[in-house]
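The values are calculated or read from the model by the stated rules, or taken from the named source; none is laboratory data. If you're wondering where the values come from, they're calculated on a predicted model, not measured in any experiment. Virtual Cβ from ideal backbone geometry, glycine too; neighbours counted across all protein chains shown. Areas reflect the complete protein model, heavy atoms only, side chains present, ligands, DNA and RNA absent. Shrake-Rupley method; radii C 1.70, N 1.55, O 1.52, S 1.80 Å.
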Amino acid sequence: MAETCKSCQDSLVLALDPEESGDEGETVPDDLLLPCGCHFHWQCLLDQSASITSSLTCPSCSRYLPSNSAAAGGSSSSSAAQQQQPTPEILTHYTNEGGVQPDLDIYPTLAEEAYLAAHPEARPARAFHTLAAEGEIQGMVELLTDLDSPAGDDDNDDADREEDGPALSATQILTWRDPLNGGRSALHVALEAQQEEAVWLLLWLGSGARGEDFPEAVVQVAQAMGLPRRGEGLAAGEDVRFVRDERGRTAGDVCLELGSPWTRLVEGGLFN
Ligand SMILES: [Zn+2]
Ligand SMILES: [Zn+2]
């Protein structure tokens, strides 16, 4: 194949880690084709996410990339969305180890990368939201524990990290609103994914809900994991129950949208 990456000029494959593949020198395809006809490695393109999302042009040939025109919006129902520009759509053809994705919109990934490059402190918070959506409560607890004990044992670039700005505390992560996801908190995300264990964990760690409002099974798990009730004495702004997303919804509002059995949390007074 003659095509090479427009950024690094290497062939459009990715070398596998021999320790994982068991085979020295094995490669898999890694070919991201932009609408302009230029090819890139996935990571090589993401490395230029900030300039692409601001210019919306190919970093190699400078052609305009979005496939939707600015007139595409307009049919949206919410007034807030009407004031915004329609989100650009950059349809690519991506071939990797998993196969071919013929109409992959790369814009959301680029926007996320650009945001995280400018706001590195948001990276653990985004990871925390992903864990909440997957109901990975062990991972959520570990992430918060690591934040509270910054030993720096897994990284040798502490100097770099300090330049990135202040890291978020565990309390800040619990109430962090994701600008890339409608201002949702981890509790919004866990509720919408209907991850019940994650929902209870977030309420346990991040709310002032009364102890008797928690099911006995939840209390037992939390105590077995040695989890503190952080919630007691929280200010209203630090209580996960009262964080609103960009549409003004609290977690209780999400429960009412979801319907049974989630409405029972609201009816039981947990969100009062
Ligand atoms: Zn490359
Ligand atoms: Zn191009």
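Can you name every residue in the range 98-112 that is part of a strand (DSSP E or B) and open to solvent by less than 50 Å² (accessible area, probe 1.4 Å)?
Pass one, the range 98-112, residues part of a strand (DSSP E or B): 99-105.
Hits for the range 98-112 are Gly99, Leu104, Asp105.
Give, as residue ranges, the strands (runs of 3 or more DSSP E) completely inside the range 1-60 that count at least 2 residues that are away from ligand 2 (no atom under 16 Å from the Cβ) and open to solvent by 20 Å² or more (accessible area, probe 1.4 Å). If you could, list the steps in order and put the result at the bottom.
Numbers: elements: 13-15, 27-29, 31-33.
Ranges flagged: 13-15, 27-29.
Inside the range 197-233, can you point out the residues that are touching a residue at least 60 places away in the same chain (Cβ under 8 Å), in a helix (DSSP H, G or I) and either surrounded by fewer than 21 Cβ atoms within 10 Å (Cβ to Cβ) or outside the structural domain of Gly139 (by TED's automatic domain parsing) (or both)?
Matches in the range 197-233: Glu197 only.
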